[in-house]
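In what follows, a structure is listed as structure tokens, so that the remarks can point back to it.
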Amino acid sequence: MKKSKTRELTRACLFSALLALLMGCNNDSSAPEPNPEPTFPEIKTTVIDDTKVPKEPVVGDVTKVPETDPKPPVTTGGEPSPIEGLLDTAASKGASRFIEVAPDTIGGQTFWSSPAYEYNLGNLVAVASGDSTTFGDGTTLLTPIHGWIRYPRDAIRPPLSTTFPVIILLHGNHSAADASYKGYDYLAEHLATHGYVVLSIDANAINGLGTRGVDPWAGDASSQSRAQLMLGTLDRLRQVNEQGQINPDGTPGALNGLKGKLDFSRIGIMGHSRGGQGVTNTILFNMVRRGTTERDLIAAVAAVRPRFSGYPDLTAAITTAGSVDEAKLASAITKHNIFFAAGSGNANEPPSYQFKGAFLLAPTDFGGSTGIYHVPLAVLLPSCDGDMAELQGAVAYDHNRFGTDEDRAPRYQIMVNGANHNDYNTIWTNDDFRFGRGPDFCLRDKNRTDSIRLSDEDQRNTGLFVINSFMRYHVGGEKIFATYWNGLAQVPEAACPKTHGRCDERFVLTVQKDGAKRKLIQRFGSGNSLTTNLLDGTINLSGFDDIARCEMPAGAYREGACTPKRLSGFEFNGGGVNGLRSIADHAELAWSKPKTDTQPVERAITTDLKDLSTKDFDSLTFRIAVVRPMGQEVLVKLTDTAGKSATVTASNFTNALYAPRRKAGDAPFPETPPAVASIGQPDPALGISVTAVSIGQPDPKKDIPFLDHMADAPYANGQVKILMNMVAIPLKAFEGIDLEHLKELKLAFPKESGKVAITDIELQNFGREQRLAEIALAQAGMLGGASGGIALGGNGGPPKSASGKPEDKLLIINH
């Protein structure tokens, strides 16, 4: 009884303390101040000048796609759930890795989705280029404004806003005979049920441009035309919002109901493969548009007539010598609803759009994209990508991970273990991964006991969660997804293989906060960074056989210069399929077992923190790539100015140190493990011997440092694609030290041999304490839901028509 009362008293005190934290109380008991921080960082905005929008409705054909009627909405769920016993564990102190389970992106739907509609809204004059850097020496083409669209149809709960955010999806360079734009409808339907208008763009006119290896503009490797297509689609959509849409016969079209319903201050863009490079170019060209003119079209038709064979009226108006029948040309432009990419040389150049999120899905990066500022950026890298096998998106992330001083947009890198390139698109059914494209455990072979490959359905479930949660958080401002994108929440089971349960090891998330929420300690970018850190303190790398410092290169995917030289095993391999794929400035470290065990050698990075205070931060983070062997451990030690120290085992807070499996003591995926397995005994789930003594709770004496899994033995010599991923340790895990007066940080590597690359050692603020306070208050009944966020609507079903079916009409968004 006494114990129970003590526990309740402790919880009551905890609630009071967390309430004070949430309300912003001061130690001197002065009046509480509201938290000024918005749900997500503000992006630079531009006032939309609607005088540049044509003052006439958009003419086009919009037809319902058969067999795309929506499924009944799932109105339950869709909320985060605190981890059981949160307030009775170390998590109440902020010392656990996860503080809740992220909501799935299916439940809690607030609208019926419309069916998919196929739209044809004219033809855009765009320019492709073989130059991915300067975009010079271009060639002009016509690309239809064509694709599929879904939108919210009937509200299930009372809507809170009058406009819809806009999401644009862009496929990559697959066969022009494939309707690739149809392959993301599973994303679009779920986004529509949560209040978003979603367009999936058809870029096949670009993909059909020339022959790969012959025509320098084959599929437009520069993706300039894809950027013009995405911006041109937004231009047409804004015209629909201002003037409506009519059919060719002048009657109101199916999109006319969107007039006045679109919110161009909340736009999200996603690109897959070359579409990903199209997204980065869209952001770059958004500020300074690259336009086309009638003169460009005339010159192209005269020079390359076969390219315009689908427009006979146009070719009839222009001779090979470039002479023009003006009346025929005007008629052809009207008939084919041709318009020109807005930008330089045009009087109708529109203002820039306000992108609130950009997602690159297994992207290309032929030009080494840089300067992607003021837009939250996420790069997803499938570990078993056989098409973009060199993982060029890692270069795009590294080049853009740090913005300008005033940039308040976060950046993310997400590696999905077992995912390939194609299966995120339902139309791309061929397996892009084959022998020689990376480690054999990525082969989809039912006879292989070591395969980590996801099925196509399971992989799309990972995309449904990661892509849609990113858009809903950053574009829609749905705070319920904040903890996942701050690295504080487990993935929901809906994102995992059906027979697996939790699968956090599938998703390795790296988060880079903006300058206001980070304090860099070291990133190895300067010439003296092996001796001096960014705090002007000393740094010492001891016990290593070889050390190198490597700079981040400019331009497209290639390795940077290393001093004194790049170490063996860290080869970037240019367009290769293995090796270290990250190109950020970093230190390379290699060590081996000492000749004698009588004098153990400590391998460590030790750096002076100069009385550093962590007052404004909640996590210590660094990025690490495990190059050899497959698993490593890092013992992280902080010492304060009074000489008190605390050491944390990094693998308890990350899946970045042993890919693709969980650390020893946890269940290896994809199969469910037996309760116990011993060294040398067969593991029934894998059909092989294991090297971990126990499967269940880790045994510190035997599991630390890591023991390699025998299934990974064939790939211990560099056959794996390696990325620098984030390790994030909550500062509260370092118990008993003064976190406002830190003297020293030590990263020690206890394994007897290894090779690692390391960079971006820093303090970051992920909002951990604020979220813990919200959860505590919600559990105490002091907030209106487990999420601690804003409720997304009320009760009640969708409006019904006289037939009893949901009415096919547009309603307003519920956010």
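Observations on the model:
- Cβ crowding within 10 Å averaged over residues, with 511-524, 460-473, 252-265 ranked highest first: 460-473, 511-524, 252-265
- By other beta-carbon atoms within 10 Å, ranking T404, T163, T370 with the fewest at the front produces T404, T370, T163.
- All other residues whose Cβ lies under 11 angstrom from that of D546 are scored, Lys and Arg at +1 and Asp and Glu at -1, for a net of +1.
- Global geometry of the stretch 515-595, whether rounded, prolate or oblate, following the gyration tensor of its Cα atoms and the 1.5 cut on a/c: oblate
- Within the stretch 600-625, backbone nitrogen closer than 16 Å to the virtual label 7 Å beyond the Cα of H741 toward Cβ: 609-615
- A Förster radius of 56 Å, combined with the Cβ-Cβ distance separating T319 from K71, puts the computed FRET efficiency at roughly 0.55.
- Net length available on complete extension from K593 to K446 is 49.1 nm, with 0.36 nm assigned per residue and the Cα-Cα distance removed.
- Theoretical FRET efficiency, 1/(1+(r/R0)^6), r = Cβ-Cβ of T404 and T134, R0 22 Å, to 0.05: 0.45
- Two-site label geometry, R558 and S542: point separation in nm, points 7 Å out along Cα→Cβ: 4.0
- Fewest-first ranking of K565, K721, K328, using other Cβ atoms within 10 Å as the exposure measure: K565, K328, K721
- Centre-to-centre separation between the Cα atoms of the stretch 260-281 and those of the stretch 733-752: 42 Å.
- Estimated inter-spin distance, E493 and T532, nm [label 7 Å along Cα→Cβ]: 5.6
- Put a dot 7 Å past the Cα of K565, heading toward its Cβ, do the same for V288, and the two dots end up 4.1 nm apart.
- Each Lys and Arg contributes +1 and each Asp and Glu -1, all at the Cβ; summed about the Cα centre of the stretch 300-448, the dipole is approximately 300 debye.
- FRET efficiency estimate (nearest 0.05) - Cβ-Cβ, A176 to R295, R0 22 angstrom: 0.20
- For the stretch 227-299, a crude dipole built from +1 on the beta carbon of Lys and Arg and -1 on the beta carbon of Asp and Glu, taken about the Cα centre, is about 220 debye to the nearest 20.
Bear in mind that the values in this text are calculations on the coordinates, not laboratory data. Here the structure is a predicted model, which means the values were calculated and not measured. Note that we place each Cβ from the backbone using ideal geometry, even for glycine, and neighbour counts take in every protein chain shown.
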